[in-house]
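Taken together, the values in this text are just the output of simple stated rules run on the coordinates, not laboratory data. The shown structure was predicted, so the numbers you read here are calculated from the model rather than taken from an experiment. No Cβ is skipped: glycine too gets one built from the backbone with ideal geometry, and neighbour counts run over all protein chains shown.
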């Protein structure tokens, strides 16, 4: 099986990038790590493992489309099969999404469709749910609304704080995100409407 070229988009520390690196997915070639923040610690993780890096600072562009046009241009040389959003703190417009249709996956720290958007752990605690979790999904034009690939449940304890709940959520992220990348790169995912089936 030929390897799929994977671009990982990051904005922060890169713990999910590290989980993907550490999993050593045989069907995936980590072709490039791209950040919108020049000082993202994730870039150091990539360089340490010999992965090329690109920085496209969104602050240097007047519009989202101009920023995304530059993202697309930077990716062109890497022949990218899959874009992985690993803590990338920019919402991508349909301009970018349609360019990589059904080839972008994202991680969300809740059981979608519950608690989309930001501060999902706080939303879960405020709502009083007994379980929350992690969702890996394909990216579409909406916010956290694309077809779901994998989900994992995290129990919410009475004494959980936002920090303790996030720690449990991150542990599950690091487990199922690399698994979703692996499934995509092994051509084991098929999408029909909102449903993703695993072969």
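Here are the numbers:
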quantity	calculated
Residue ranges of strands (runs of 3 or more DSSP E) in segment 129-197 with at least 3 members in contact with a helix residue (DSSP H, G or I) (Cβ under 8 Å, 6 or more places away or on another chain)	131-138, 148-155
Number of the condition not met by residue 124 [criteria: (1) surrounded by 18 or more Cβ atoms within 10 Å (Cβ to Cβ); (2) assigned to a helix (DSSP H, G or I); (3) within 14 Å of the chain's Cα centre (by Cα)]	(3)
Options 54, 70, 76: the member that is touching a helix residue (DSSP H, G or I) at 6+ places or on another chain (Cβ under 9 Å) and under 20 Å from residue 30 (Cβ atoms)	54
Top-ranked residue of segment 87-99 - restricted to ones that are within 14 Å of the chain's Cα centre (by Cα) and in a loop (DSSP other than H, G, I, E, B), ranked as surrounded by the fewest Cβ atoms within 10 Å (Cβ to Cβ)	91
Residue within segment 151-172 that is within 27 Å of residue 6 (Cβ to Cβ), buried (at least 16 other Cβ atoms within 10 Å of the Cβ) and over 18 Å from the mean Cα position of the chain (by Cα) present	yes
Scope segment 1-18; condition part of a loop (DSSP other than H, G, I, E, B) and either within 20 Å of residue 68 (Cα to Cα) or touching a helix residue (DSSP H, G or I) at 6+ places or on another chain (Cβ under 9 Å) (or both); matching residues	1, 3, 11, 12, 13, 14
Scan of segment 19-55 for residues that are buried (at least 18 other Cβ atoms within 10 Å of the Cβ) and out of contact with any strand residue (DSSP E or B) (no Cβ under 9 Å at 6 or more places or on another chain), ordered by number	19
So residue 105, is it surrounded by 15 or more Cβ atoms within 10 Å (Cβ to Cβ), touching a residue at least 60 places away in the same chain (Cβ under 8 Å) and under 17 Å from residue 33 (Cβ atoms)	yes
Pairs, first on the phi > 0 side of the Ramachandran plot and without any contact (Cβ under 8 Å) to a residue 24 or more places away in the chain in segment 62-77, second buried (at least 16 other Cβ atoms within 10 Å of the Cβ) and assigned to a helix (DSSP H, G or I), C-beta under 9 Å, six or more apart	none
Some residue of segment 19-30 being assigned to a helix (DSSP H, G or I), more than 18 Å from residue 134 (Cβ to Cβ), without any contact (Cβ under 8 Å) to a residue 24 or more places away in the chain and over 13 Å from the mean Cα position of the chain (by Cα)	no
Breaking point among (1) surrounded by fewer than 18 Cβ atoms within 10 Å (Cβ to Cβ); (2) in contact (Cβ under 8 Å) with a residue 24 or more places away in the chain; (3) under 22 Å from residue 97 (Cα atoms), for residue 142	(2)
